Structure formats: structure tokens, C-alpha cells
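Peer 1: Once you've had a glance at the structure underneath, I'll fire off some questions.
Rule-based calculations on the coordinates, nothing more; no lab input. Just so you know, these numbers come straight off a predicted model, no measurement behind them. Neighbour counts run over all protein chains shown; Cβ positions are idealised from the backbone, glycine included.
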């Protein structure tokens, strides 16, 4: 198996949610500050998201990018919509104040 650009893969250590703290060294990689992630903290995949909460940096696996229009993308969208739960407010009457379609006169049919 070719591993030239492989940063992380599914064959690494299983992602452990409750691993104790471990001291690591920070270093420079060009203009960026970097840290080597110990094996027990490795994340699945090749992409991650990082954000700050106070003085903590949180690194978490990125969700896989799904091909637009694919069945997997549709299922993911439906799952996200299901998380919203049922709509409790009544659907608005968007036709309020409009004439009924049967009452509109477009003139005579030229044919």
C-alpha cells in the first residue's frame, strides 16, 4: 500500500475518547506552530478541524466530504433535518389576500 501522502489512516490505533493527558513538545514548521500527536491520540482520516475554547485548542476529526447530489449526501442531509425535530408552529397561509386562481381572468384564448 502506498503511503507517500498518508497522514492518518483507518489502520492506526482505534480513536480513544477518554485518554488521559500527556505532555507534548511544540515546534515550528515554517511559519506554523505544530505538535506531534502521540499514537493514542491519533484521529481517523486525513482531515481535522481545530478551534479554540478559552485557552484550550480542540482538534476533532472532520466529517467526510460527501459528493454533492449523491445518495450519501442526501442521507446525511435527511439525518441533519431529523435532528431538528418536528415543526411545532403552524405553516403560514401564503395565499392570504390573493385572488383564487379560478377567479383570475386572463382574457380570451386566441386559439
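Peer 1: Hey, how many Å between the Cα centroid of the range 22-49 and the Cα centroid of the range 87-102?
Peer 2: 55
Peer 1: Right, something else. How far apart, in nm, are two points set 7 Å out from the Cα along the Cα-to-Cβ line at residue 21 and at residue 99?
Peer 2: Taking the two extended label points, one gets 7.4 nm.
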